[in-house]
1. Within the set of pairs 6+ apart or on separate chains, which have a first residue in region 151-175 that is closer than 17 Å to residue 199 by Cβ and of a type in the set (S, T, N, Q), a second that is surrounded by 13 or more Cβ atoms within 10 Å (Cβ to Cβ) and at pLDDT 95 or above, and C-beta atoms under 6 Å apart?
2. Given region 16-88, what helices (runs of 4 or more DSSP H) lie entirely inside it while holding 1 or more residues that are surrounded by fewer than 17 Cβ atoms within 10 Å (Cβ to Cβ) and modelled with pLDDT under 90?
3. Looking at the structure I just gave you, is residue 161 in contact with a Lys or Arg (Cβ under 7 Å, 6 or more places away or on another chain), assigned to a strand (DSSP E or B) and within 18 Å of residue 131 (Cβ to Cβ)?
4. Quick check on my filter: what residues within region 89-103 are in contact (Cβ under 8 Å) with a residue 40 or more places away in the chain and surrounded by 13 or more Cβ atoms within 10 Å (Cβ to Cβ)?
5. What are the pairs with Cβ atoms under 8 angstrom where one residue, in region 192-221, is free of Cβ contacts under 8 Å to residues at least 60 places away in the same chain and β-branched (Val, Ile, Thr) and the other, located anywhere, is part of a loop (DSSP other than H, G, I, E, B) and surrounded by 13 or more Cβ atoms within 10 Å (Cβ to Cβ)? Sequence gap at least six, or different chains.
6. Quick one: which of 115, 154 is of a type in the set (Val, Ile, Thr), outside any helix (DSSP H, G or I) and in contact with a Leu (Cβ under 9 Å, 6 or more places away or on another chain)?
7. Can you find, within region 149-169, the residue that is surrounded by the fewest Cβ atoms within 10 Å (Cβ to Cβ) among those that are under 18 Å from residue 202 (Cβ atoms) and of a type in the set (A, V, I, L, M)?
Amino acid sequence: MENKLSHTEENYLKAIFKITERAEKVASTNKIAEQVQTSAASVTDMLKKLNDKSLINYEKYKGATLTPDGIRLATQLVRKHRLWEVFLYDKLKFPWEQIHDIAEELEHINSDDLINRLDNFLGNPRFDPHGDPIPTSEGKFMLRNQSTLDSVPIHSKVILVGVSHHSSEFLTYLNSINVKLGTKFKITGKNSYDNSLTVESNGTQLLITHEVSKNLLVKPG
């Protein structure tokens with residue numbers, strides 16, 4: 001089955017997986033279109049094809065969920081993508097804002113032996129450089145207690161463990177304000193008008209917009 005899928009079909013499976021990985025039970029057509037950067041009409045056509053291949057369950061006007069076969073294939077893609085990101089970041093020293101697009105190409109290499117060797121070479125990492133969990137060869141994830149920064153109460157102390165938005169523009173912005181995985185925040189204020197946060201980090205005060213804070217994943221620390 002894997003050999004019959006185009007790169008585009010694989011990208012759709014991964015997009016549905018990532019949308020439903022967070023909290024949403026069904027991936028809507030509009031969310032998928034946003035994820036793969038295409039029109040809603042194109043998404044509908046592809047969802048029908050994947051439904052015919054029994055890789056998703058698609059309901060018009062509602063969206064799509066992955067079947068067991070779809071979950072298996074999407075998990076394999078996510079595993080490859082995130083392992084390649086670790087390799088690019090840790091071994092080749094690419095900055096975190098560049099690794100996503102390169103890994104998008106590398107994830108389509110179809111060799112289980114290569115990926116298992118890569119996993120062992122990297123020391124079996126459980127999280128990628130963006131803080132996303134890496135599935136094991138059995139498709140299992142390591143879960144952790146985390147929340148988005150915008151949901152944290154004032155006066156809390158937290159540490160950044162992940163980002164849910166991987167665009168180079170967003171990560172470059174985080175670089176510009178000296179925010180990276182492991183950065184510690186103390187929430188010192190919240191603006192009720194626009195939900196922006198005032199935080200203390202690295203000895204300085206930062207104003208974090210709601211658009212940014214909702215994409216920062218933190219845990220107590």
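The values are calculated or read from the model by the stated rules, or taken from the named source; none is laboratory data. Remember, predicted model here, so these are calculated numbers, not experimental data. Positions of Cβ are generated from backbone atoms using ideal geometry, with glycine treated the same way; all protein chains shown enter the neighbour counts.
1. Matching pairs, first to second residue: 156/187.
2. Values: elements: 29-36, 40-52, 68-86.
Hits in region 16-88: 29-36, 40-52.
3. Numbers: in contact with a Lys or Arg (Cβ under 7 Å, 6 or more places away or on another chain): yes; assigned to a strand (DSSP E or B): yes; within 18 Å of residue 131 (Cβ to Cβ): yes.
When the stated conditions are applied, residue 161 passes them.
4. Going through region 89-103, the residues in contact (Cβ under 8 Å) with a residue 40 or more places away in the chain turn out to be 89, 95-98, 100-101.
Once the filter is applied, which keeps residues that are in contact (Cβ under 8 Å) with a residue 40 or more places away in the chain and surrounded by 13 or more Cβ atoms within 10 Å (Cβ to Cβ), region 89-103 yields 89, 95, 96, 97, 98, 100.
5. Every condition considered, the pairs that remain are 208/196; 209/196.
6. Details: 115 fails: outside any helix (DSSP H, G or I).
On inspection, the qualifying residue turns out to be 154.
7. Ranking the candidates gives 159 first.
So that you can scan it fast, the table gives a plain yes or no per residue for (1) under 20 Å from residue 35 (Cβ atoms); (2) touching a helix residue (DSSP H, G or I) at 6+ places or on another chain (Cβ under 8 Å):
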| position | (1), (2) |
| --- | --- |
| 86 | no, no |
| 95 | no, yes |
| 98 | yes, yes |
| 107 | yes, yes |
| 111 | no, no |
| 125 | no, yes |
